[in-house]
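Please read the structure below before turning to the comments.
The values are calculated or read from the model by the stated rules, or taken from the named source; none is laboratory data. Because the structure is a prediction, the values reported are computed rather than measured. Every residue, glycine as well, gets a Cβ built from its backbone with ideal geometry; the counts of neighbours run over all protein chains shown. Accessible surface is based on the protein model in full, side chains and every heavy atom, while ligands, DNA and RNA are left aside. Shrake-Rupley method; radii C 1.70, N 1.55, O 1.52, S 1.80 Å.
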Amino acid sequence: MKKGKILVVDDDHLITTMVEKVLSAAGMHVVSCGDCESALTTINESFSAVLMDLSLPRMDGILGIMAIKDQFPDMPCLVISAEEDVRRAVASMSAGASDYLRKPIDHEELVMRVHHAIETVRASIENQVFRNSMNQSDAEESWIGVSPKSLHVLERARQIANSDATVLITGETGTGKSLLARYIHSISALSDKPFVSASIASLPANLIESELFGHEKGAFTGAACEKPGRVEIAKDGTIFMDEIGEMPLSLQPKILRVLQEREFERVGGTQTHKMSARVIACTNRDLRRMCETGRFRQDLYFRVSVLPIEIPPLRERPDDIEALIDRFIAHLSAKTGQGKSLTPDARNALLKYHWPGNVRELQNVLECAFTLSPGASIPSNQLNFLFDSPAEIVASTSLAGRTLAEIEKLAIEQTLDSCDGNKAHAARTLGISEKSIYNKMSRAGLR
Ligand SMILES: Nc1ncnc2c1ncn2[C@@H]1O[C@H](COP(=O)(O)OP(=O)(O)OP(=O)(O)O)[C@@H](O)[C@H]1O
Ligand SMILES: [Mg+2]
């Protein structure tokens, strides 16, 4: 039996041939493509992982990863690259890459890392209903915070853990909202019950309802058999509605009903089911503003935000940066079996930076700097890029979670900036025609 089907994307034949040989010998089936365009027409659900080079003709590997993740959010994408640029490594992680292999690639390592990526995804899918076995001290350790603001967050989490009312966790992207939701579950009386997450932002709009509430056989094309939704699977545990601000307006009355009456029907079904789970929701949006502009129902907002907790951005809690650095470095050292530490200059650089992507960005930056530093110390020059062009970094580290249209708009805005507003120059840099840039600008509402 084959141990997975792998798509390798590299314009270097020597690499694709090597990968084919090594992974085939390990029992995997390998398909090669020389560029992202053909990779995008080849990829389908039967693949278990993608290996992607970064510098490819026409479409860059990072954009390729984003496009693949857009269609197949669970597909593990591993970068194989000769580039030593930490910024590119960070950007590829932000785009959704799960691992980064430096060329020249060690054969044994290649097999191991591909295998690991496939297994991790398989385990996480199988564990979507996961019984939270963490005990209180483990969980407490896992949401690290030593600053007064973080201690306040943890205190509040403890106060509300055992209430049945809906919790709304707010905070910028990467501040630890999802982690805090699991933490609240783990210290509540429901800790041995299921914790089920429904990521509203990553589900196609037409599937959100059936993912949440389930569907009956034949309810819509493709509904070949009946399927319980996540609210049902959560039973009397916790249902986590991740990014509730992305909930389509058309579905909001149904969410309001389930929160108010604790009742729902499966799509295509007539039987009314009771919701027994406790709801934790989170968002990085300003829901109050969304109410003002009519994009979020006010009655739903009041229902969702009975117990609000706000996680402040990392830049407002510098004491945490130091604690998080130590934890992440210790974790990376244990994971790789290589003890490495930051030089004092490197540590200072991290403390000075403003972290627009918050803890996730810190984690990604450290992981990349760790991987790319050859010796036992991580020097500050691995981190210089943080201060090159803050605007660029903001864009490159916060791509995940944006729509492709938003990413395109950002790319156009920044390229125009770097070309002093010269559209012809910007179009050439972006590899599109002048006519295209005008069209794209007008579609994106750019002047
Ligand atoms: N206080 C913390 N202690 C330890 N790890 C943290 C902390 N906050 C965040 N992290 C880590 O940072 C990463 C991002 O956290 P998480 O996914 O919970 O953020 P989020 O606010 O849900 O982000 P998004 O808005 O993008 O969904 C995760 O890997 C998480 O484990
Ligand atoms: Mg999250």
Exercise for the section: Compute the long axis of helix 434-444 from its Cα atoms, compare it with the longest principal axis of the Cα atoms of the chain, and write down the angle in degrees, 0 to 90, nearest 10. Expected result: 20 degrees
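Where only protein heavy atoms count, and the probe is 1.4 Å, what is the accessible area per residue for the chain in Å²?
Heavy-atom accessible area per residue stands at 48 Å².
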Fill in the blank from the handout: Taking R0 as 41 Å and r as the Cβ-Cβ distance between Asp85 and Asn162, the FRET efficiency 1/(1 + (r/R0)^6), rounded to the nearest 0.05, comes to 0.25
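For the chain, what does the helix formula give at 222 nm: sum of -39500 (n - 2.57) over DSSP H segments with n ≥ 4, over the residue count, nearest 500 deg cm²/dmol?
-14000 deg cm²/dmol
Which of the peptides 322-330, 110-118, 60-68, 430-438 is most tightly packed, and how do the rest follow, going by the mean number of other Cβ atoms within 10 Å of each residue?
The most tightly packed comes first, giving 60-68, 110-118, 322-330, 430-438.
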Completion exercise
Given pairs Lys217/Lys254; Lys103/Lys335; Lys149/Lys235; Lys69/Lys409; Lys177/Lys254 and cut-off 28 Å on Cα-Cα distance, the over-length ones are Lys149/Lys235
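R0 = 30 Å: FRET efficiency of His107 with Ser142, Cβ-based, nearest 0.05?
0.30
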Completion exercise
The percentage of the accessible area of segment 129-310 (probe 1.4 Å, all protein chains present) made up of carbon and sulfur atoms, to the nearest whole number, is 49 percent
Handout entry: Packing rank of 179-186, 404-411, where each peptide gets the mean count of other beta carbons within 10 Å, highest leading
Key = 179-186, 404-411
Problem - Zone of Ala405's modelled label, taken as backbone nitrogen in segment 414-447 under 16 Å from a point 7 Å along Cα→Cβ - result: 439-447
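Which order do the peptides 219-229, 96-106 take when ranked by the mean count of other beta-carbon atoms within 10 Å per residue, highest first?
On the way: 219-229: 13.3, 96-106: 17.1.
Peptide ranking by packing, descending: 96-106, 219-229.
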Practice task
Determine how large the accessible area of Leu249 is when every protein chain is in place; take a 1.4 Å probe and give Å² rounded to the nearest 10.
Solution key: 90 Å²
Practice task
Identify the GluC sites (Glu not before Pro) of segment 2-83 meeting these criteria: DSSP loop state and at most 10 other C-beta atoms within 10 Å of the C-beta.
Solution key: Glu45
Problem - Protein-only accessible surface order, largest first, of Lys423, Lys177, Lys21 at 1.4 Å - result: Lys21, Lys423, Lys177
Practice task
Could you calculate the contour length gain from Glu322 to Leu446, that is, 0.36 nm times the residue separation minus the distance between their Cα atoms, to one decimal place in nm?
Solution key: 40.7 nm
Problem - Shape call, the chain: gyration tensor on alpha carbons, a/c limit 1.5 - result: rounded
Problem - Residues Arg122 and Leu251, FRET efficiency given R0 of 35 Å [Cβ-Cβ distance, rounded to 0.05] - result: 0.70
Practice task
From largest accessible area down, sort Asp74, Asp85; use a 1.4 Å probe on the protein chains.
Solution key: Asp74, Asp85
